[in-house]
Each structure stands twice: as C-alpha cells, then as structure tokens.
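The values are calculated or read from the model by the stated rules, or taken from the named source; none is laboratory data. This is a predicted model, so every value here is computed, not measured. Neighbour counts are summed over all protein chains in view; Cβ atoms, including those assigned to glycine, are modelled from backbone coordinates with ideal geometry. We work out accessible area using only protein heavy atoms, side chains counted, and drop any ligands, DNA or RNA first. Shrake-Rupley method; radii C 1.70, N 1.55, O 1.52, S 1.80 Å.
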Number of protein chains: 2
Amino acid sequence: MTGTVYLVGAGPGAPDLLTLRAARLLERAEVVFYDALVHPDTIALAVNAHRVDVGKRSGSRATAQRFINKRLIDAAHKYAVVVRLKGGDPMLFGRAREEIDALQQAGVTVEIVPGITAALGASADLGVSLTERGISRSVTFVTPRISNESADTRASNWALAALAADTAVIYMARGQAAAVAATLIALGKPAHTPVAVVENASRTDAVKRIGVLGNLPALAAQLGGGPAIIVMGEVLRNATKTSGAIDAIVATTLSSLQG
Amino acid sequence: MTGTVYLVGAGPGAPDLLTLRAARLLERAEVVFYDALVHPDTIALAVNAHRVDVGKRSGSRATAQRFINKRLIDAAHKYAVVVRLKGGDPMLFGRAREEIDALQQAGVTVEIVPGITAALGASADLGVSLTERGISRSVTFVTPRISNESADTRASNWALAALAADTAVIYMARGQAAAVAATLIALGKPAHTPVAVVENASRTDAVKRIGVLGNLPALAAQLGGGPAIIVMGEVLRNATKTSGAIDAIVATTLSSLQG
C-alpha cells in the first residue's frame, strides 16, 4: 500500500488565494513538505500533519532536489496522504517535472492541484489586465538566463520569447534587473516600454513600482528582499491612471528617464 | 454610497479550484453577474445573491460588453457587494480592461480576485509541467487571430509569439485548429512538434488528446463542444509515458502522421 503525493500550488502569497481543493487536502494531509515562500497561515491549515520545511536548501540545487524526491518517496511508503506544497503553481517554474518523474519511477501515484501563479497575483495588484483587446493577445511567462552582469545580446531564447509577446512577465529576475533591461534594449526593445515590478505579489506587504524599461534597474532597487517579478508591455500604459486601489505606486515616467 | 465591484476568477472549471477568497465573496455577494463557462456549483455558493447570467450574449460583442458594463455600474449604485464572476482568471483573456475602465470612469471601486487560468488546469490534467529544466524556460499564452480557414503566413503576432516561446498554450482555438496548425507549420514549426488538446480542463468531463502539430486538426476533431485549449512544445515529449492518471489519452505518434 503506497500513498498518493499531491503536488499542490499554494498560490502567489496571500493565504486566502489558496484553492478550496488545496485547503481540504491540507486538512487531510498526514505530512506536508513545503517551500520557503509558502505563507505560514497556509501551512497552519495542515492541522494533523507533520510539517517539513524543505525550502532551506543546502548543497547544490540538484543535490537538494534529489533529497526532496527521496523524502517524498519515503513518505508515500509511510502515509496515505502526502502533500508537496509549492509557491504559485507547481507546473510553472516549480520544478514539478523532476518530482513527478522520481515519484512515478518509484511507483508512487502523483496528483497535481493547480495554484494561482505569481503573474496573476501581480496583475491583480497592479489592476492591469495582461491581455487587452487591440493591445495584447499574447503573454509570455519567462525566467531570464543571465551569464553575467552585462547585456547578453547572443540569441537568448528567454529574451526572444519576451520580445515576441505583447506582454511579458519575467519571473525570478531578482538581482538581474539591470542585465534584463540591458539585454532587452540591446535586442531592440524601446527604453520607453512600460514596465512594472511587483514584490510579494498579492500579499499585504506587496510593493509595486511602475516605470519604463530604461529605468527598470532603479525601480528594482526600490524593492526589498521578497520574491519579485517584472511585467512589461503596452497594457501598462495607463497603469498609473487606473491604479486607484494601489498605495505604493511611484510613477516613474519618461521625463525622469530623460532628466 | 457606492458599492464595490469584485472581478472574480472562477478558475478553470472544477468548482473546488475556486479560491477561498472568491468563495467568501460569493457568500457575501448581493448580486452576481456570471459568464456562461462558470460551473453551477460555484454560482450556487452565492446563497444570498441575485444571480444574473450575462453569458448569453445578444447582438455584437461590443454591444453586449457595454450592456454588461452598464449593469455592473447600476448594481454598484444599489448594492455594497457586487461580484462579476468570470471563467479562469479575469486578467487573462477575460476582457477585464473594458469593465475596469467603465467602472472607474463611473467612480466605482473595483477589486480583482485572481483565479486559476485554463492553461494550468490543462497542465495538471496532462500531468505535464509547462516549464522544465533544460527544456522550457518560457511559456506563451496566446489567442490566435485567424482571418480565414487557410494558413496565415503574414507576420502574425500571435503566431510569432507562440513560436518564440519554448511552450505555447493557445486559448480559444476552438474550430481553428486546422488554420492554427497550418500557420505555425508554414512559419517553420516542425510538423512533429508535440501538441495536446484539452477540452473542459480540470473538470470531470475533461477530454485530452496528445499528438503532433501535423495532426492537430484530427486531434481537435475528437473533442466535443466545450472550451478547449492547445498546448505545444517539447515538454509534452514524454507525456504519454507520464500520464498514468489520465484515462482518455489517445497517443498519436509520428508514425500515424507518416502512415
């Protein structure tokens, strides 16, 4: 008798953006393995579970991932309901493939419970739709691969994908804002393209800054140490106008770039 | 005294993929305007609300949208808690911009409650992560613009965005599968690129077909009348191997294309 491992998306940060299905699974869980970015109130829903923090990774990422895989397999041989809780959605930048493969190779049943990804939390925070009739019919979610701090003008797949879409959302760009902006501008994206950075999307301590690609590094420098994503595209053009519900916006306009 | 209009994502289809926040708002709502694709069990959570179906659109889409905008504004002048319930996420292919603009111009406060978008429901159904280390670091969500039934090889922004990303998810492609495949192949995408079509993602009546771009029209022809999306990319390469939990897969391989 082997248990089931549920790969569960915890959503973008706010605990009440968890799904009903995830909440019920957490209540039933006998053990929960959770990442660093999951809100404590979400973990607290697992009232009957052993709660295991696997977010503090030691050694290389590959070593840490193998260790997590092994712990999930071991748990499935001991418990019927094993929850693997990940920030956002498991299937978007969640390394789900590696865990699914390891579990299935060990004969363990895996079920996926989707979660709201950070881009949609950020979009709601900004009050800006990622698609818009006549403006944007494509949105790319991408992580940059930056080899050094300068612009990378070689044919960067990540950058070409970001440039080809009407709206781009760049995940896990913390600390790389300067290189991201330099690369995109070097590949032809205008420096006055509207951008936003959102830290701690959907949480009460979310921080949002809106400006243009040319001053993205300065915008990013205003963030704290939380997870952050970058949104880029014409859908942001009127963001300062429609951000009535947003507290922390500093609109940084073209004039500041030119000044 | 004007009420607040909440633009709420109902998620991809399964009623228990609603968020806790959305469920609580529905319980508090005095009126709910819902789209055609929202599950009846989700609407039923609005126990105290007038429930208004605005999914059956008459006349042109623009006329219908203006009518919805007007009803939302009128409701905000009568009720404190107005919920506008949309399938998926409001900010991805949900025409949120038009409703936000109309409400804000009328002085009505708008809040956005994100939902799980169809792509993530489909990804979970398929058991296939949209990103994968070494395979995919970019995912584009796009709607096609097809002018006729043949391939559109002019510089189609939607197609270029789909081609530039490692993984593409094509929304609202119902009935356009032949033109989508022809356009992408004409622009250079190999006919043996793995694709999947998922109808009624996340629901118990979901239908999934996996194959290659060259026989996408045949795969799509096997679907019923529900909402459907297309997934394309190398992340699907091993989908037939890892789809232990999927009942309805018909793996259509290269050989069938060649045969």
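Below 8 Å between Cα atoms, with a sequence gap of 6+, how large is the relative contact order for chain B in percent?
19 percent
Any idea of B:Arg237's accessible area? Nearest 10 Å², probe 1.4 Å.
120 Å²
Before we go on, tell me the buried accessible area for the A/B pair, both chains summed, 1.4 Å probe, in Å² to the nearest 100.
In total, this chain pair buries about 4700 Å².
Three principal axis extents, largest first, for the C-alpha atoms of the protein assembly as shown, in Å?
60, 51, 48
Taking the Cα centre of the protein assembly as shown as origin, sum charge times position over the Cβ atoms of Lys and Arg (+1) and Asp and Glu (-1), and report the length of that vector in debye to the nearest 20. Write out the running numbers ahead of the final one.
Values: 52 positive and 42 negative charges, 75 e Å.
Dipole of the protein assembly as shown, to the nearest 20 debye: 360 debye.
If you take every DSSP beta bridge whose two residues both sit in chain A, what share of them, in percent to the nearest 5, is antiparallel?
If I count the DSSP bridges inside chain A, around 40 percent turn out antiparallel.
Express the accessible area of the protein assembly as shown per residue in Å², computed with a 1.4 Å probe while the remaining protein chains stay in the model.
40 Å²
Over segment B:11-84, what percent of the accessible surface lies on carbon and sulfur atoms, probe 1.4 Å?
53 percent
Segment B:161-215 to segment A:194-235: how many Å between their Cα centroids?
32 Å
Separation of segment B:1-31 and segment B:68-87 by C-alpha centroid, Å?
So the two Cα centres are separated by 12 Å.
Can you list the copy-to-copy distances for B:Thr109, using a point 7 angstrom from Cα toward Cβ, in nanometres, shortest first?
4.6
If I model a spin label as a point 7 Å beyond the Cα along the Cα-Cβ vector, how far apart are those points for B:Met1 and A:Thr204 in nm?
Result for the modelled spin labels: 2.6 nm.
Which percent, nearest 5, of DSSP beta bridges in the protein assembly as shown are antiparallel?
45 percent
Would chain B count as rounded, prolate or oblate if I go by the C-alpha gyration tensor, calling it rounded below 1.5 in a/c and otherwise prolate when a/b exceeds b/c, oblate otherwise?
On the way: a/c = 2.40, a/b = 1.82, b/c = 1.32.
The shape class here is prolate.
Assuming R0 = 25 Å, can you tell me the calculated FRET efficiency for the pair A:Gln222 and A:Arg145, based on Cβ-Cβ distance, to the nearest 0.05?
Here the calculated transfer efficiency is 0.50.
Once you average over the residues of A:96-107, how many Cβ atoms of partner chains fall within 10 Å of each Cβ?
On the way: counts 8, 13, 3, 1, 5, 5, 0, 1, 6, 1, 0, 1.
Whole-number average of other-chain Cβ neighbours for A:96-107 is 4.
Amide H to amide H under 5 Å from A:Ser138: which residues, 5+ apart in sequence or cross-chain, H placed 1.01 Å off N in plane?
A:Asp166, A:Thr167
Give, rounded to the nearest 20 debye, the magnitude of the charge dipole that chain B has about its Cα centre when Lys and Arg contribute +1 at Cβ and Asp and Glu contribute -1 at Cβ.
Value, rounded to 20: 340 debye.
Would you calculate, for the protein assembly as shown, the mean residue ellipticity at 222 nm contributed by helices, counting each DSSP H stretch of 4 or more residues as -39,500 (n - 2.57) and dividing by all residues, to the nearest 500? Each step should come with its number before you reach the end.
Values: 18 runs with 153 residues, N = 518.
Here the helix-only value at 222 nm equals -8000 deg cm²/dmol.
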